There are 2 protein chains.
Amino acid sequence: MADSRTPRSAEGLGSSSPAPAVTRAAAVMDALAEAPSGRLTLSDLSRELGIPKSSTSNLLLALEEARLITREGADFSLGRKLVELGAAYLSRLDEVQEFYKFCEQAPTLSGETVRIAMIDGDHIIYLARYEGHPAVRLTSNIGDKMPLSLSAVGKVLLAQLHDHDIEAMFPDDVELPVMTPKSLRSAAELKAQVAAIRKQGYALEDEESTLGVVCLAVPVPTHGAHGPSLGLSVTALKATFSEEQAALMVKELKELAHSLGNPMG
Amino acid sequence: MADSRTPRSAEGLGSSSPAPAVTRAAAVMDALAEAPSGRLTLSDLSRELGIPKSSTSNLLLALEEARLITREGADFSLGRKLVELGAAYLSRLDEVQEFYKFCEQAPTLSGETVRIAMIDGDHIIYLARYEGHPAVRLTSNIGDKMPLSLSAVGKVLLAQLHDHDIEAMFPDDVELPVMTPKSLRSAAELKAQVAAIRKQGYALEDEESTLGVVCLAVPVPTHGAHGPSLGLSVTALKATFSEEQAALMVKELKELAHSLGNPMG
DNA sequence: CGCGCTTGTTCAATCCACTGAACAACCACC
DNA sequence: GGTGGTTGTTCAGTGGATTGAACAAGCGCG
């Protein structure tokens, strides 16, 4: 595999962590998650993270004992406990439960593919997916991440941030990730869209991440200071996408967003 | 909340871990996952895990920095990164992808609620769920755990283990968890069922975890030494459950299990 | 208000986890 | 087989993480 010359030191900069072992352990899990094959050996990890082999070995032993990772012969991969913990996190979000209920009984949305996502650094992360009919079978799964600039939810959540935060994340000379010919290229384009989204209250993604597929998204108003902002999106095939249908979907999305934003029984 | 008098020391026994900080950090996440509300304060954690407050504080800081947990005012809860990591784990299991594909095009299963699960200590953990029609809407989610003795998949996976392992997990005087009047009560009953399951090649759960609901399950043959064993199950309403339908479902489940067990393109 | 009980944060001394070098095994390639 | 490159494990010394006591801040109560 060539050789990934990226000894990205696990230490962030002011390399002092209140509990270095924990920070390094987290870096190990990150590395495993990002590894294409999902499997790395002790030496791989030691090299990539810049941690001495002996220390890495200790970390791996401890992580394995906690079932956060698994050893399979010589190489390590993520452990099942992570699925449990991730599920535990999701089960605490009442929004997810209500999301499903609403989708099922919504006139238009009940037949569509709807998702709820959350902003997470400079990406969004999908929390749940409702699939009304399998016409559009998405390749994305719960827990998957997407760049902000490439998805309708990403853009709508970006629009909720303060301008100076946006500026910090997207200076004028950034290179945006590109997935299709229609993906946004420049920070200027992105900021123009953000302005438009703020006016109209929803975001549109027009084949920017997948050709033939469009997406609509609205933000969920954050009730109180309770965590980061959520967003909702519908996905449809561009071929079967009409203005009137879009209007209906946006309307229902906004209803759902409103009911998620105002906690109730 | 009464007061949970369970200062379950984080240290397992031979309290020596090759990287104590990591072990303790894992214990912190466990505690957060198990806490009914999902939120605990520094003092809660310090008390429950028997870790000095100052050390706990450091752990929490490091965990927060890694986004493995989140601080919300005074109390802590699990972090979003866990969803990512859990998803990363699942995305590596090709079985899950093929599971979905197969369910969609299977004559009988395509209309049912099918799940794939994995053995995880003395529990099973659900990895994916296919929902053909929303007749039976399950309350369980991906990542949820269930005792072995209470589910069809649990029993079928138990039947795959060696007798002495079963004996170790279920000595004759264990108290089994009970969820309905029809739940198995004694280890003897369980072992009798295991014997039967080995003969017939599938397991049946008859209202043992939820009244009105039945389950069928088959094991997935482990190809190679590749990880722990998987199991498949169909869930149906007892009211609409017939012998002939059961036979069809078991047949298709076995086909799916076979194709999962023999990796292919 | 003052008291008792929490809570979380600070800090210097100690102990233990981390380190690096030396080790044994292994594989690939002449 | 010899050789240079791995791999992962072992172990004693040391530097830094961990600790507990002392701290400040908050809360309920009489």
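The values are calculated or read from the model by the stated rules, or taken from the named source; none is laboratory data. As the structure is a prediction and not an experimental result, all values here were calculated from the model. Methodologically, a virtual Cβ is constructed for each residue, glycine included, from the backbone with ideal geometry; neighbour enumeration extends over all protein chains shown. Just so you know, the surface numbers come from the protein's heavy atoms only, side chains and all, with ligands and any DNA or RNA stripped out. Shrake-Rupley method; radii C 1.70, N 1.55, O 1.52, S 1.80 Å.
Values computed for the structure shown
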read-out: Tilt relative to chain A, helix A:53-65 - C-alpha long axis, 0 to 90 degrees, to 10; value: 60 degrees
read-out: Shielding by other protein chains, A:67-76, mean Cβ within 10 Å; value: 2
read-out: Tilt relative to chain A, helix A:243-261 - C-alpha long axis, 0 to 90 degrees, to 10; value: 60 degrees
read-out: Spin-label model distance (nm) - residue A:258 vs residue B:241, 7 Å beyond Cα toward Cβ; value: 4.3 nm
read-out: The range A:93-261, accessible surface, carbon-and-sulfur percent (1.4 angstrom probe); value: 56 percent
read-out: Placed amide H near residue B:132: partners under 5 Å, 5+ positions off or other chain; value: B:112, B:113, B:114
read-out: CD proxy at 222 nm, helix term only [per DSSP H run n ≥ 4: -39500 (n - 2.57); per residue of chain B; nearest 500]; value: -12500 deg cm²/dmol
read-out: Inter-probe distance in nm under a simple model that places probes 7 Å from Cα toward Cβ, at residue A:53 and residue A:110; value: 6.2 nm
read-out: Average other protein chain Cβ within 10 Å of Cβ, residues B:43-49; value: 0
read-out: Calculated FRET efficiency for the pair residue A:198/residue A:167, C-beta based, R₀ 22 Å, to 0.05; value: 0.90
read-out: Electrostatic dipole magnitude of chain B [Cβ: Lys, Arg +1; Asp, Glu -1; Cα centre; debye, to 20]; value: 400 debye
read-out: Cα-projected label distance for residue A:178 with residue B:207, points at 7 Å along beta-carbon direction, nm; value: 6.4 nm
read-out: Solvent-accessible area of residue A:244 with every protein chain in place, 1.4 Å probe, in Å² to the nearest 10; value: 140 Å²
read-out: Other-chain or far-sequence residues with amide H under 5 Å of residue B:79's (modelled H); value: B:69, B:70
read-out: Rounded tilt (10° steps) of A:187-200 against the dominant C-alpha axis of chain A; value: 40 degrees
read-out: Per residue solvent-accessible surface (Å²) - the protein assembly as shown, probe of 1.4 Å; value: 46 Å²
read-out: Accessible-area value, residue A:81, 1.4 Å probe, nucleic acids and ligands omitted, Å²; value: 20 Å²
read-out: Summed buried accessible surface, chains B and A, 1.4 Å probe, nearest 100 Å²; value: 4300 Å²
read-out: Percentage relative contact order, the range A:49-153, counting C-alpha pairs under 8 Å, at least six apart; value: 15 percent
read-out: Restraint check, A:101/B:53; B:145/B:254; A:199/A:238; A:145/A:199, Cα-Cα greater than 32 Å; value: A:101/B:53
read-out: Other-chain or far-sequence residues with amide H under 5 Å of residue B:213's (modelled H); value: B:207, B:238
read-out: Number of partner chain Cβ atoms within 10 Å, mean per residue of B:139-151; value: 3
read-out: For residue B:240, solvent-accessible area (1.4 Å; no DNA, RNA or ligand), Å²; value: 90 Å²
